[in-house]
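J.: Let me give you the structure first, and then I'll get to my questions.
The values are calculated or read from the model by the stated rules, or taken from the named source; none is laboratory data. The structure presented is a predicted model; accordingly, all values stated were derived computationally and were not measured. Cβ atoms come from the backbone with ideal geometry, glycine included; neighbour counts cover every protein chain shown.
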């Protein structure tokens, strides 16, 4: 009975929601960046699956349902964006310029580092969209011949790091204005960074939400140029 239950989508969904609920309670209690609920949930789920010798494929039956909800979740970020549309329109040119610069930098640094370390072109293409939200990044990787599971993992790791150290790193660089910080967080750390930014400032969170969508579009448009460049190497 237990074995058959594990193989159903209900297992993955229930496990994820329960662990995330407790992780959220823990985060609200201590308000410490390293206790980000997403990070804690990932670590506990991986540890539980390994400890109980549960195949990932069984968990993925339900996990894929939650992955599907990432799309609507990103769309929901349009609410704070609409609420602060006047302030965003006033800053539209620097916002678009900053996102474009961030997208180019992310692609060059990730794929360039892979090539410098002797990695393959396929691996460079796989990690190129690491700063794009998961549904878009997976779609990009699938179209350009990347390894989609590795792309998804790199996106999650990037978002987790951004959510943990992004605000502190921005302050270290004396980037203290909420709009500038939100632009950096949304462009570099997609949904997880945006969620963290919404806790700090609503205007910054709204701009971060805009950065998610624009970065996805710009990165998708830049991928053919990256492929042409890699073909010349």
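J.: Picking from 214, 230, which residue would you name as being within 24 Å of residue 121 (Cα to Cα), surrounded by fewer than 24 Cβ atoms within 10 Å (Cβ to Cβ) and out of contact with any strand residue (DSSP E or B) (no Cβ under 6 Å at 6 or more places or on another chain)?
T.: Working: 214 fails: within 24 Å of residue 121 (Cα to Cα).
Residue meeting the stated conditions: 230.
J.: Working only within region 197-211, note down all residues that are surrounded by fewer than 24 Cβ atoms within 10 Å (Cβ to Cβ), in contact (Cβ under 8 Å) with a residue 12 or more places away in the chain and in a helix (DSSP H, G or I). I'd like the intermediate steps shown before the answer.
T.: Here is the first cut: in region 197-211, the ones surrounded by fewer than 24 Cβ atoms within 10 Å (Cβ to Cβ) are 198-203.
Subset that is in contact (Cβ under 8 Å) with a residue 12 or more places away in the chain: 198, 200-203.
Hits for region 197-211 are 198, 200, 202, 203.
J.: Working carefully through the options 147, 136, find the one that is touching a residue at least 24 places away in the same chain (Cβ under 8 Å), in contact with a helix residue (DSSP H, G or I) (Cβ under 9 Å, 6 or more places away or on another chain) and under 20 Å from residue 231 (Cβ atoms).
T.: On the way: 136 fails: under 20 Å from residue 231 (Cβ atoms).
Exactly one of 147, 136 is touching a residue at least 24 places away in the same chain (Cβ under 8 Å), in contact with a helix residue (DSSP H, G or I) (Cβ under 9 Å, 6 or more places away or on another chain) and under 20 Å from residue 231 (Cβ atoms), namely 147.
J.: Read through the list (1) touching a helix residue (DSSP H, G or I) at 6+ places or on another chain (Cβ under 8 Å); (2) modelled with pLDDT under 90; (3) surrounded by fewer than 19 Cβ atoms within 10 Å (Cβ to Cβ), then give the number of the only condition that residue 220 fails.
T.: The number of the failed condition is (2).
J.: Moving to a separate point now. Does region 7-17 hold any residues that are surrounded by fewer than 18 Cβ atoms within 10 Å (Cβ to Cβ) and more than 21 Å from the chain's Cα centre (by Cα), and which are they?
T.: 7, 8, 9, 10, 14
J.: Can you say whether residue 54 is under 26 Å from residue 138 (Cα atoms), assigned to a helix (DSSP H, G or I) and in contact with a helix residue (DSSP H, G or I) (Cβ under 9 Å, 6 or more places away or on another chain), as far as the supplied structure shows? If you could, list the steps in order and put the result at the bottom.
T.: Working: under 26 Å from residue 138 (Cα atoms): yes; assigned to a helix (DSSP H, G or I): no; in contact with a helix residue (DSSP H, G or I) (Cβ under 9 Å, 6 or more places away or on another chain): yes.
No, not satisfied.
J.: Mind counting the residues in region 18-38 that are modelled with pLDDT of 85 or more and surrounded by 13 or more Cβ atoms within 10 Å (Cβ to Cβ)?
T.: The total comes to 8.
J.: Here is a check on your reading of the model: is residue 111 buried (at least 22 other Cβ atoms within 10 Å of the Cβ) and farther than 26 Å from residue 75 by Cβ?
T.: Details: buried (at least 22 other Cβ atoms within 10 Å of the Cβ): yes; farther than 26 Å from residue 75 by Cβ: yes.
Taking the combined requirement at face value, the residue satisfies it.
J.: Using the structure shown, decide if residue 57 is outside the structural domain of residue 180 (by TED's automatic domain parsing) and either modelled with pLDDT of 90 or more or on the phi < 0 side of the Ramachandran plot (or both).
T.: In short, yes.
J.: Another question about this same structure. Give me the pairs: first residue in region 215-233 and outside the structural domain of residue 95 (by TED's automatic domain parsing), second residue exposed (fewer than 11 other Cβ atoms within 10 Å of the Cβ) and not in a helix (DSSP H, G or I), beta-carbon distance under 6 Å, and six or more apart or on different chains, which are they?
T.: The qualifying pairs do not exist here.
J.: Moving to a separate point now. Residue check: is residue 102 closer than 22 Å to residue 73 by Cβ, outside any loop (DSSP other than H, G, I, E, B) and modelled with pLDDT under 90?
T.: Values: closer than 22 Å to residue 73 by Cβ: yes; outside any loop (DSSP other than H, G, I, E, B): yes; modelled with pLDDT under 90: no.
No.
J.: Looking at region 43-88, which of the residues that are under 17 Å from residue 205 (Cβ atoms) and free of Cβ contacts under 8 Å to residues at least 12 places away in the same chain is surrounded by the fewest Cβ atoms within 10 Å (Cβ to Cβ)?
T.: My answer is 86.
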